[in-house]
Amino acid sequence: MNLSFSADEEDFAGNARAWLTANVPAVPEFASLGDEIAWGRSWQATLAADRWVGISWPAAYGGRGATPVEVAVFNMEYARAGAPQPVNRVGINLVGPTVLAHGTDAQRARWLAPILTAEEIWCQLYSEPDAGSDLGSLRTQATRVDGGWKLSGQKVWTSYAQFAAWGLCLARAERVTCFAVDMTAPGIEIRPLVQITGSAEFNEVFLDDVFVPDDCVIGAVDDGWRVATTTLAHERGTNFPFKEQVVHEVYLDELFGQADLDDPEVADALVGAFVELRVLRLHNWRTLSRLSRAEEPGPESSWVKLAWTDMTQHLSDAALLVEGGASVLDGKWSRQWLWSKAASIAGGTSEIQRNIIGERLLGLPR
């Protein structure tokens, strides 16, 4: 792969950088999570107005038809600019690509535009209390009724469910099927989960005979695994790693600038974080090469997710060494360190990623 950018790609990067320089706002302090979400909707609407969100989507659906290289370039410029993340990340990064790949024309026309503007926030109803990342064990049932389905079950670790208009849900008909669930429908109960950070963006979601019409089935009935594979590949391997690579490079530069490198424990931790960041970069280049050949991301995405998980946790540990032990309770890096503990669970546990790598890449027995 040619690792240098073409003239067109350099122009694209310059245009993105100029727009971000002119438009990235200062993020205020928020009194509540609700205030943060409301502010995030406004910022995402600004991005959408100039087609700087969902840029890989076709122009007909509000994107730019950007190439995989352009998407990676934009994500890196976005991270360097310190821009706040779009509030509707599940919609943009997971639901949108899934609907584009498997949805009907009517579903694309109905759902894609409000995703970009954050008029309708989406959540992901995959994980369950007794299944977690083992989606093969999910128990939520879909029962056939006149005009559609009734869903009953429980989901957990659902980000921003309390603000979502729609949920992308996996449930069992005869086999696994993918549904778009109206989060205001009768029979849905949402219970926020307070984390060690003090925030409560995750939730439990209970479904009690929730009606889902036939036109909200995404893909074919009983073909949910194929749909879910598209969603999970985008979650683990295409969108966030490029941004996270740059975000953590900025973190690491800052830590090197303030660290006492004569302390061997600090020096070793920072060098280890540097190496892991370079490994993540190589994984990102491989993903980019695959996408540039118009190949869908596959099980290789698990390598990327696993590399990112180890990197963010180890870099966060290094930050506490640089700052001193008290920073775990009070300091700039406290939230980053606390949040990093979720990295080996969110988006598929590290144990599940290793199973995927062993079985689907290395051909090991189950």
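G153: assigned by TED's automatic domain parsing to the domain that holds E174, in a helix (DSSP H, G or I) and of a type outside the set (D, E, K, R), yes or no?
No, not satisfied.
Given the structure, is E128 under 19 Å from G347 (Cα atoms), charged (D, E, K, R) and either surrounded by 18 or more Cβ atoms within 10 Å (Cβ to Cβ) or in contact (Cβ under 8 Å) with a residue 40 or more places away in the chain (or both)?
It is true that E128 is under 19 Å from G347 (Cα atoms), charged (D, E, K, R) and either surrounded by 18 or more Cβ atoms within 10 Å (Cβ to Cβ) or in contact (Cβ under 8 Å) with a residue 40 or more places away in the chain (or both).
From (1) surrounded by fewer than 13 Cβ atoms within 10 Å (Cβ to Cβ); (2) at pLDDT below 95, pick out the condition that doesn't hold for L33.
Failing condition for L33: (1).
In segment 318-329, which residue that is modelled with pLDDT of 60 or more and over 27 Å from the mean Cα position of the chain (by Cα) is nearest to D253 (Cα to Cα)?
By that ranking, first place goes to V322.
Being over 25 Å from A161 (Cβ atoms) and in contact with a Leu (Cβ under 6 Å, 6 or more places away or on another chain): is that true of P68 here?
It is true that P68 is over 25 Å from A161 (Cβ atoms) and in contact with a Leu (Cβ under 6 Å, 6 or more places away or on another chain).
Would you check if R64 is part of a loop (DSSP other than H, G, I, E, B), outside the structural domain of V181 (by TED's automatic domain parsing) and in contact with a helix residue (DSSP H, G or I) (Cβ under 9 Å, 6 or more places away or on another chain)?
yes
Please find, within segment 144-163, the residue that is farthest from C178 (Cα to Cα) out of those that are free of Cβ contacts under 8 Å to residues at least 60 places away in the same chain and touching a strand residue (DSSP E or B) at 6+ places or on another chain (Cβ under 6 Å).
Taking the candidates together, the pick is Q162.
Only strands (runs of 3 or more DSSP E) wholly contained in segment 165-280 count here; list those with 3 or more residues that are touching a Cys at 6+ places or on another chain (Cβ under 9 Å).
Answer list for segment 165-280: 166-172, 176-182, 202-213.
The values are calculated or read from the model by the stated rules, or taken from the named source; none is laboratory data. Remember, it's a predicted structure, so these values are computed and weren't measured experimentally. Positions of Cβ are backbone-derived with ideal geometry, glycine not excepted, and every protein chain shown enters the neighbour counts.
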